[in-house]
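The values are calculated or read from the model by the stated rules, or taken from the named source; none is laboratory data. Nothing here was measured: the structure is a model prediction, and the numbers come from that model. Heads up, the Cβs are rebuilt from the backbone with ideal geometry, glycines too, and the neighbour counts pull from every protein chain shown. Calculation scope for accessible area: heavy atoms of the full protein, side chains included, ligands and nucleic acids excluded. Shrake-Rupley method; radii C 1.70, N 1.55, O 1.52, S 1.80 Å.
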There are 2 protein chains.
Amino acid sequence: MNYSSYFIPTLREVPSDAVIASHRLMFRAGLLRKLANGLFAYLPLGLRSFRKVEQIVREEMDAAGALEIKPTVIVPGELWKESGRWDAMGESLLRVKNRLDNDFVVSPTAEEAFTAIVRDELSSYRQLPLNLYQINTKFRDEVRPRYGVMRGREFVMKDAYSFHADEKSLDDTYQAMGRAYRRIFQRCGLSVIPVKADSGAMGGSGSEEFMVESEIGDNTLILCKNQGKCDYAANVEKASCAPDFTQDNTAANTPPYEKIDTPNIKTIDDLCAFLKTESKTFIKTLIYRAVNIELDLSSAPVYAKLERKKTSPEAPAVYPEAFFAVAIRGDLDINEVKLAAVLKAAEVNLAGDTDVVRLTNTPVGFAGPVGLTTLPLVIDHTITAMNDAVAGALEKDLHYKHVAYGRDFKAWMIEDIRTVKAGDKCPLCGGELFTKMGNELGHIFKLGFKYTRSMNVTYLDENGKSQIPSMGCYGVGVDRTLASVIEEHHDETGIVWPASVAPYHVIIIPIKYDGVVKENADKLAAELTKAGIEVLLDDRNERPGVKFNDADLTGIPWRVVIGDKGLAQEIPQVEIKRRREKENRMIDFNKAAAELTERIREELEQLA
Amino acid sequence: MNYSSYFIPTLREVPSDAVIASHRLMFRAGLLRKLANGLFAYLPLGLRSFRKVEQIVREEMDAAGALEIKPTVIVPGELWKESGRWDAMGESLLRVKNRLDNDFVVSPTAEEAFTAIVRDELSSYRQLPLNLYQINTKFRDEVRPRYGVMRGREFVMKDAYSFHADEKSLDDTYQAMGRAYRRIFQRCGLSVIPVKADSGAMGGSGSEEFMVESEIGDNTLILCKNQGKCDYAANVEKASCAPDFTQDNTAANTPPYEKIDTPNIKTIDDLCAFLKTESKTFIKTLIYRAVNIELDLSSAPVYAKLERKKTSPEAPAVYPEAFFAVAIRGDLDINEVKLAAVLKAAEVNLAGDTDVVRLTNTPVGFAGPVGLTTLPLVIDHTITAMNDAVAGALEKDLHYKHVAYGRDFKAWMIEDIRTVKAGDKCPLCGGELFTKMGNELGHIFKLGFKYTRSMNVTYLDENGKSQIPSMGCYGVGVDRTLASVIEEHHDETGIVWPASVAPYHVIIIPIKYDGVVKENADKLAAELTKAGIEVLLDDRNERPGVKFNDADLTGIPWRVVIGDKGLAQEIPQVEIKRRREKENRMIDFNKAAAELTERIREELEQLA
């Protein structure tokens, strides 16, 4: 491709709203332009790299046995009503009405469409497993789109949905997708951190996120410092840690608990100051409201007669609402995502003051586990090691001291619900944990029966009995992956593309595109092209400095400079330079095509 | 690809709403499924052919120097307000509001987005010409979507937009796109009819449509019977014909015109019966209302003082509304598209009865050119040859006879505004014209300054003077092209794919996928794949009859049947059969790969 007949509007200025490198460089290198907030147009150079990422994703999905299909972007709202997400999804779902007043959705993901397609075709267990995917336009109506395509409104996602007759089959595909994802990111030259993750609003269990480190990332990752030896990595929403307490169930040396006056003291900090002790000697008790609870509560205190309801004919019956007292050691925070998972609740939130007062018969700030009979008590494991603690006394301005778990109170449920922090111990090796901020590029998870049940998908098993298949779901953001490549591969002068996703492999810069220089530049371009190397020939009538700057900015992996002087040598010489190295060198012009071809193939093979 | 791990849900039944072959066969062969009215999902086999059409389009666009970009599907409504199409487009435009109450459009075409992108980057004539395209999702909210993907709501279109500094440059690109389109359809194995077309609501002039014949087509094509010798072809909206009258301007033998009583006779048919003569002796005069007229009306009777208005700051001033008397020979119809073009009006419609009475001071049915002073008179060329005609007398129940053009009335404007019919004479060779119904697959046209002017796009010319570039616009429907391939290439048992867009080139059918048959089937598949031939191996445990039917239905160009018997011959034999031929033949198994490869390459080259 000749530069002068191409369209690469490079910029010297940085767009004012571009705070991260990929956003800045995608604009400056002429890869991208803005149509509106969160809506971007890929220009020719950017689209070439975009398509390469897409193709890598496609190849790895195909290699893993997934089959590509193409449903529509605009999907009937009816399907979303069947699944329940029409109501459950917030305002980030772009809803449309057409001229006939029918409801449609501009797909943010496509569980419903894929489930509907499979529902109509599935009859026998012999058709399973089935893993279908698309690489297609998605829309999420972000309130505050930013960071360029890293968090845009319209984007392209590869989303796959698999259907299974048994747990093992689901797990096999889930693992195969995990391997495919590792290969995808490896081929793009990306260092990803696969982390254990909670599947959040998507439902189901068994979930892994593929993260890249990013200062503007919207996920906190918990990682083990023993890297190389230990690969523990988890989203903070899901992370656990090794116990930092010694289990000592005996309260043999603890005096009986007794009331202490704590006038107007409602927070742990106030208590610490007042009692001149550390927060970890306190039991923090909070009241939570949970909604749409799947967990069986018939054994829970006070809820023996609570009734379940169905939100849709196919969905399992749930408890619409219930309140819980939740206790954890005073220096720790309750992880609401873990708490919701434990309760199998759609959502948990701190109860409002009115509810707290009504349910505990005490002003806010004095809840505690001792003598609590009005709510089921859920405690973190840390509580079980507390045998001489301070806790709210369920009376205004009063706490208890010398409270011992087991002796003075018992819990209905003991679970890991703590929020892990930097400095906690790794659950695998005991090493120190630290945190990073990360951006999610991919996510694989086991959805279970959430959609197949609500949308009534069945097949006949070997015995002719009707069964519901389980599902897995696997997504990769193409735009975000591309932007992340630039985040990881750039320097102060521009992008430094890995060969696998570079828009071109070689840029040829004739000092002046004329006469013998032109002739030889054309010849080299033709030779390289014939060898399958992608060449951009900078035939513009610009100063060499301008061409060099644009070559650095656009990040083409290899640069060849052809000039009169070099060609006039006894053995004609051209200068080659690898974008990611500082040094350039002169080589025999007649060997340039072969050498460049070899070096580029080497890098492509390394990435493959 | 092995059939058993693929997803090809073939059907014996025909979907009840499928009335055309492509719709029927795309469903029966497992290429397509319906998500909702006008919304379809391509299944794996269908998507393979779809992508091949897409790739042919891409290659031809690239070869013609167009550059691919990727704007969004959801486009800011602001841009459509700038161009004026937010209001001008009817309800087929799907409009969306997001959570912030911003207006968006689900793109049906992308003049605005491309013009906006170029507007921001264009500064100098040196950047022109520029031809940008996308292959992307489009949406048109059809009231009555039908015929499968032939007229769906969501579809994929290749749309290109070119920008130019002068008319010659626009014409060069327009011609290059025309050549690219001919190649695209040729490569897909399609017989298209390029026809002259009116550009309709898109504005501009210079326009060609690429049609395929179709009984359910929504366009009437006018074609010359002298095929092979004459290539005249036009959309009826634009078609012209050779004069079918002899120009005889003298009314020397015509008596003076005189009134005749025609009580209650208002139609040409009534008049014919009443006067016992033919309709072509009558002058048919109709009153039309035109809106947003660009034509200069200052010379028109009664409109000397009519004022122009601007509909937007950048658009040229237009006359919001004006009425015209329009006359044509009694046996012919007025072509409203041609009339609108002649008047440079956004739209023309027959005036309502109240307006007719008000403007002619006569009841409806008695308008005529003689003595008409209240309206400008526009006549078709046929009128100029009428020197002894019957015409309305502008009085209730009265007509004139012996009316002669030139002697008894004159026209403000004489134009070709007749609707051409089968039996009329070819304007090029005089041969007989006939009609066909056609579906539009592609359309190229010169837009002129419509968008660049309304959206304020400028560049500096060689003299540093600000200029507005002209535009061309070029579209191909990918889904429709694919469906048309099936319309043209099928028989009673299924699809008969041309090799260029076939999902696979060869289907191998082992009589029983086991033992030595399996071994040799796998070997042949591997050999063909290595040679670049795309192979589907039917490894299913099904009766041969079922496999043969599915092979015919899915239309794979070559079928190979491998069985025990053939392999056991002294020289092992397999049966090969070309889908489009009746005969099969046995060939040496060891030469099968080479022979098939050669035959497929031959066909691919013929199509290239």
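Of the heavy-atom accessible surface of region A:374-533 (probe 1.4 angstrom), what whole percent is carbon and sulfur?
Using a 1.4 Å probe with all protein chains present, region A:374-533 comes out at 51 percent carbon and sulfur.
Net charge near residue B:136, counting Lys/Arg +1 and Asp/Glu -1 over other residues with Cβ under 9 Å of its Cβ?
+2
Ordered shortest first, which distances in nm separate the 7 Å Cα→C-beta label point of residue B:294 from those of the other copies?
In ascending order, 6.2 nm.
What is the mean number of Cβ atoms from other protein chains located within 10 Å of the Cβ atom of each residue in peptide A:31-43, rounded to a whole number?
Mean number of neighbouring Cβ atoms from other chains: 6.
Given labels modelled 7 Å from the Cα in the Cβ direction, how far is it in nm from residue A:97 to residue B:296?
4.9
What is the helix-to-structure angle for A:111-121, meaning the angle in degrees between its Cα long axis and the longest Cα principal axis of chain A, kept from 0 to 90 and rounded to the nearest 10?
So the helix axis and the longest Cα principal axis differ by about 90 degrees.
Find the accessible area per residue for region A:454-580; the probe is 1.4 Å, ligands and nucleic acids are left out, and the unit is Å².
39
Do any residues of region B:84-99 show a loss of at least 20 square angstrom of accessible area between the isolated chain and the full protein assembly, using a 1.4 Å probe, and if so which?
The answer is B:91, B:94, B:96, B:98, B:99.
Using the alpha-carbon atoms, what tilt in degrees (0 to 90, nearest 10) does helix A:589-607 show relative to the longest principal axis of chain A?
10
Per-residue ellipticity at 222 nm for the protein assembly as shown, helices alone: DSSP H runs ≥ 4 residues times -39500 (n - 2.57), over residue total, nearest 500 deg cm²/dmol?
That calculation yields -8000 deg cm²/dmol at 222 nm.
Going by the alpha-carbon gyration tensor, a ≥ b ≥ c the square roots of its eigenvalues, is region A:1-137 rounded (a/c under 1.5) or, if a/c is not under 1.5, prolate (a/b greater than b/c) versus oblate?
oblate
Using a 4.7 Å Cβ cut-off, which Cys residues in the protein assembly as shown lack a partner cysteine?
A:188, A:241, A:272, A:473, B:188, B:241, B:272, B:473
Counting only protein heavy atoms and a 1.4 Å probe, tell me what percentage of region B:124-198's accessible area is made up of carbon and sulfur.
48
Which ³J(HN,Hα) values, rounded to whole Hz and listed in residue order, are derived for region A:369-382 from phi using the Karplus coefficients 6.51, -1.76 and 1.60 in 6.51 cos²θ - 1.76 cosθ + 1.60 with θ = phi - 60°, glycine and proline given as x?
Result, rounded to whole Hz: x, 7, x, 7, 10, 8, 9, x, 9, 10, 10, 6, 3, 4.
Threshold 30 Å², probe 1.4 Å: give the residues of region B:105-121, in number order, that are less accessible with all protein chains present than with their chain alone.
Buried by the other chains: B:117, B:121.
At a Förster radius of 51 Å, what calculated FRET efficiency corresponds to the Cβ-Cβ distance of residue B:121 and residue A:361, to the nearest 0.05?
Taking R0 as 51 Å, the efficiency between residue B:121 and residue A:361 is 0.15.
Note the distances from residue A:363 to each other copy's matching label point, with points 7 Å along the Cα-to-beta-carbon direction, in nm, sorted shortest first.
Residue A:363 label point versus its equivalents elsewhere: 9.4 nm.
Just how large is the dipole of the protein assembly as shown about the Cα centre, in debye to the nearest 20, putting +1 at every Lys and Arg Cβ and -1 at every Asp and Glu Cβ?
The calculated dipole for the protein assembly as shown is roughly 120 debye.
Sum up the charges of everything whose Cβ sits under 14 Å from the Cβ of residue A:290, counting Lys and Arg as +1 and Asp and Glu as -1, but leave residue A:290 out.
-3
Taking chain B as the reference, fit the longest principal axis to its C-alpha atoms, fit the long axis of helix B:167-187 to the helix C-alpha atoms, and give the angle between the two in degrees, 0 to 90, nearest 10.
Taking Cα atoms only, the helix is inclined about 40 degrees.
Please list, in chain and number order, the residues 5+ apart from residue A:351 or on another chain whose amide H is under 5 Å from its amide H, with Hs placed from the backbone.
Answer set, sorted by chain and number: A:287, A:288, A:289.
All other residues with a Cβ under 13 Å from the Cβ of residue A:193 taken together, and with Lys, Arg as +1 and Asp, Glu as -1, what is their net charge?
-3
Sequence-distant or interchain residues sharing an amide H contact under 5 Å with residue B:94, placed H: which?
For residue B:94, whose amide H was placed from the backbone, the distant partners under 5 Å are B:106, B:141.
Nearest 100 Å², what total accessible surface is buried between chain A and chain B (probe 1.4 Å)?
Roughly 4700 Å².
At residue B:516, label 7 Å along Cα→Cβ: distances to the other copies, nm, ascending?
6.8
What share of the DSSP beta bridges in the protein assembly as shown is antiparallel, in percent to the nearest 5?
Counting only bridges with both partners in the protein assembly as shown, antiparallel ones make up about 80 percent.
Compute the label zone of residue B:16 within region B:143-185: residues whose backbone N is under 18 Å from the point 7 Å along Cα-to-Cβ.
B:145-148
Is region B:248-375 rounded, prolate or oblate when judged by the Cα gyration tensor, a ≥ b ≥ c being the square roots of its eigenvalues, rounded requiring a/c under 1.5 and prolate requiring a/b larger than b/c?
prolate
Ignoring ligands, DNA and RNA, what accessible area per residue does region B:299-338 give at 1.4 Å, in Å²?
49
Among the DSSP beta bridges whose two residues both lie in region B:493-579, what percent are antiparallel, rounded to the nearest 5?
35
Give the calculated FRET efficiency between residue B:606 and residue A:607 to the nearest 0.05, with a Förster radius of 35 Å applied to their Cβ-Cβ distance.
0.35
Take residue B:432, project a point 7 Å from its Cα along the Cβ direction, then tell me which residues of region B:212-252 have their backbone nitrogen under 13 Å from it.
B:224-227
Suppose a student asked you for the relative contact order of chain A, using Cα pairs under 8 Å spaced at least 6 residues apart; what percent would you report?
RCO, chain A: 17 percent.
Pull up the cross-link candidates among the lysines for residue A:523, meaning alpha carbon to alpha carbon under 23 Å and not fewer than 8 places away within one chain.
Partners within reach: A:512, A:547, A:565, A:577, A:591.
Whole angstrom only: what separates the Cα centroid of region A:226-269 from the Cα centroid of region B:287-361?
So the separation of the two Cα centres works out to 85 Å.
Of A:138/B:530; B:81/B:138; A:305/A:344; A:196/A:425; A:97/A:238, which ones are farther than 27 Å apart at the Cα?
Checking Cα-Cα distances, A:138/B:530; A:97/A:238 exceed 27 Å.
Taking square-rooted eigenvalues a ≥ b ≥ c of the alpha carbon gyration tensor, is region B:17-92 rounded, prolate or oblate, where a/c under 1.5 means rounded and, failing that, a/b exceeding b/c means prolate?
Taking the square roots of the gyration eigenvalues as a ≥ b ≥ c, region B:17-92 is oblate.
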